[in-house]
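In what follows, a single structure is set out as C-alpha cells and then discussed.
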Amino acid sequence: MRYSCYTFLYVFAIFAASFMYTENITIREKVGYSLGDVAANLVFQMIVVYQLKFYTDIFGLEGAIAGSILLIARVIDAFIDPAVGIMTDHTKSRWGKYRPWILWTALPFSVFYLLAFINPGIEDKALLALYATVTHVLLMVTYSLNNTPYAALGGVMTGSISQRNSLNNIRFMGAGAAQIVVMGLTLPLVSSLGKGNDARGWTLTIGLYAVFCLVCLLITFFTTRERITPSPRQQQSIRSDIKEVFASVSWRSLFVLTFFLFISLSLWGASSNFYFRHYVNQYELQLFLCGLGLNVESEAEAYTIGFSLFNVIGALVQFIGIATLSQPLARRFGKHMTFMVCLPLTALFTAAFFLPMPGDIGFMFLLCILKSLVYAPTVPMLWSMMGDVADHIEYEGHRRATGFCFSGMVFALKAGIGMGGALAGFILSMFGYIPGENALQNDSAVWGICIATSILPALLLLAAVAALLHYPITKQFNQYMQAQLSSRRKYRHQDVD
C-alpha cells in the first residue's frame with residue numbers, strides 16, 4: 001500500500017509541474033478542461049483493462065458471455081451516439097451548446113460507474129449476466145451523453161492550431177495522470193480495502209474513483225468557455241449536418257482510424273491482464289520485483305504489484321512522451337506525418353510481446369517502455385485532428401456540426417473498446433479459458449492469451465495506419481484552411497455587427 005501512495009503522490013507532482021506555463025487560453029481553463037478527461041479516463045481505463053477480468057473472475061461469467069455483454073452495449077451505441085451529437089448541436093442555453101451536458105450528466109455518470117463494478121451477490125448466472133448487461137449499457141449511454149459534448153467542447157474553445165494542440169496536450173497529461181492512477185492503484189486498493197474480500201474491495205475502490213469523477217466534471221463545467229459558434233445564417237438542418245459529415249473524406253478516414261486503433265488498445269489492455277496472470281512466470285516476476293527493492297512476499301502478491309508496476313511504468317513513459325514529444329513533433333512534421341511513423345512502430349513493439357519467454361520479465365518491461373514511448377505523441381494529436389476535421393467540414397460545406405462530427409468519433413472509440421473487449425472474451429472461450437481468479441489454465445488458453453496480447457492487436461494497428469493514407473489534412477493544408485476560416489469568421493462577426 002505504501003508503494004501505491006508513493007505512486008499517487010509522484011503522479012500528481014508531475015501533473016502539477018507540467019502546467020507551469022501559460023498560453024492565450026488561460027492555464028486555469030486548460031487545466032479545468034483536462035480534468036474532464038481525468039474523469040473519462042478513470043472510467044475508460046477501467047473498462048479497457050479490468051472490466052472483462054471483473055466479469056470472468058469476480059462474477060464468474062464465461063469469456064464469451066462477458067464479451068457479448070460488451071458487444072451489446074456497442075450495438076445500442078450505434079443509435080445513441082449520433083442522437084447525442086445531434087442533440088448537442090441543437091442545444092441552446094446560456095452556457096452554450098456543449099458545456100451544459102457535462103453538468104447535467106456528471107452525477108448519473110458517476111453513479112452508473114459504481115453500479116457497473118458492484119457484485120450484487122446474485123447466484124443465478126443468467127440473472128447476473130443480465131445485471132452486468134444493464135449496468136454496462138447504462139454506463140456507456142451516460143458516457144456518450146457526457147463525453148461526446150466534452151470532446152466537442154475542445155473543438156469550439158479555440159480555432160488556433162497551436163492553441164488546439166496545447167489544449168489537447170494538457171488534456172492528455174490529465175488523462176495520463178488518470179491512467180497512472182488506475183493502473184498503479186486499482187489492484188493494491190482492491191486488496192487493501194477488501195481485506196480478503198475482492199468484491200468489497202472493487203466496490204470501495206470504484207466508489208472513490210466515482211466521487212473524484214464527479215468533482216472533476218463539475219470543475220470542467222465551471223472553468224471552460226465556448227468561443228466558436230456556427231454562422232448566425234446557418235439554417236438548422238439535421239439532414240444537412242449528416243450529409244456534410246458523412247461526405248467528408250477526412251471524417252471517414254479518421255473514423256476508421258479511431259475504430260481500429262481502439263479495438264487494438266482494448267484487446268491489448270484486456271489481454272495483458274490475463275497475460276501477466278497466466279503467461280508470466282510468477283516466481284521469476286517475484287524475483288524481478290525483489291531485485292528492484294520491492295518487498296514481495298508471495299507469487300500472488302507478485303501479480304498484483306508486478307502488473308500494477310508494469311502499467312505504471314508504461315503510463316509514466318507515455319505521460320512524459322506526451323509532455324515532451326507531441327507538440328514539437330506536431331509543429332515540425334504535422335500530425336498526419338507523426339501518426340504515419342509512430343503507429344507502425346507501436347504495431348512493431350506490440351507484436352514483439354509474442355517473443356519473450358515466461359521468465360523474460362525484463363524484456364517485457366523494455367517492450368512496454370518502447371511501445372508507450374512511440375505511441376505517446378499520437379495520443380493528444382488524435383483529438384486535435386478531430387477538431388481539424390470539424391473545421392474541414394466547415395471549410396468545404398460552410399456548415400459547422402461539431403457535436404455530430406465528434407459523436408461519430410466517440411462512437412468509433414466506444415465501438416472499438418467494445419469490439420476489442422468482446423474479441424478478447426471470445427478468444428478466451430475459444431482457447432478454453434476457465435473462469436475464476438485461481439483457476440489453472442491449460443496450454444491452449446495460455447497460447448490464445450499470447451496471440452491476443454501481441455499479433456492480433458498489432459495487425460489492427462496496421463489497419464488503422466491504412467486508414468490514414470486517405471486523410472487529406474496535411475500540415476500545410478491545415479495552415480491554409482485555418483487562415484481561410486479565420487478570415488470568414490472575422491467577416492461574419494463584422495457583418496453581424
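The values are calculated or read from the model by the stated rules, or taken from the named source; none is laboratory data. Treat the numbers as computed from the prediction; the structure is a model and nothing was measured. When we count neighbours, we look across all protein chains shown, and the Cβ atoms used for this are built from the backbone with ideal geometry, even at glycine. Just the protein is used for accessible areas: all its heavy atoms, side chains included, with ligands, DNA and RNA removed. Shrake-Rupley method; radii C 1.70, N 1.55, O 1.52, S 1.80 Å.
Restricting attention to region 396-450, which residues are more than 25 Å from the chain's Cα centre (by Cα), of a type outside the set (A, V, I, L, M, F, W, C) and more than 30 Å from residue 91 (Cβ to Cβ)? Listed by number, the residues that qualify are 429, 432, 433, 435, 436, 437, 438, 441, 442, 443, 444. The single condition from (1) open to solvent by 20 Å² or more (accessible area, probe 1.4 Å); (2) assigned to a loop (DSSP other than H, G, I, E, B) that residue 222 fails is (2). Within region 90-104, if we keep just the residues that are open to solvent by 10 Å² or more (accessible area, probe 1.4 Å) and in a helix (DSSP H, G or I), the residue that is farthest from residue 210 (Cα to Cα) turns out to be 99. Within the option set 329, 265, 294, 316, being over 24 Å from residue 440 (Cα atoms), open to solvent by 10 Å² or more (accessible area, probe 1.4 Å), touching a Cys at 6+ places or on another chain (Cβ under 9 Å) and in contact (Cβ under 8 Å) with a residue 40 or more places away in the chain holds for one residue only, 329.
Checked against the criterion of being in a helix (DSSP H, G or I) and either aliphatic (A, V, I, L, M) or at pLDDT 85 or above (or both), the candidates 4, 68 yield just one match: 68.
Flag set for residue 444, criterion: at pLDDT 90 or above and surrounded by fewer than 17 Cβ atoms within 10 Å (Cβ to Cβ). Of everything in region 339-360 that is surrounded by 21 or more Cβ atoms within 10 Å (Cβ to Cβ) and touching a residue at least 40 places away in the same chain (Cβ under 8 Å), the residue that is farthest from residue 49 (Cα to Cα) is 339.
Per-residue answers, yes or no, for (1) within 24 Å of residue 387 (Cβ to Cβ); (2) within 23 Å of the chain's Cα centre (by Cα); (3) buried (at least 18 other Cβ atoms within 10 Å of the Cβ):
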position	(1), (2), (3)
243	yes, no, no
258	yes, yes, yes
273	no, yes, yes
276	no, yes, yes
279	no, no, yes
289	no, no, yes
298	no, no, no
307	no, yes, yes
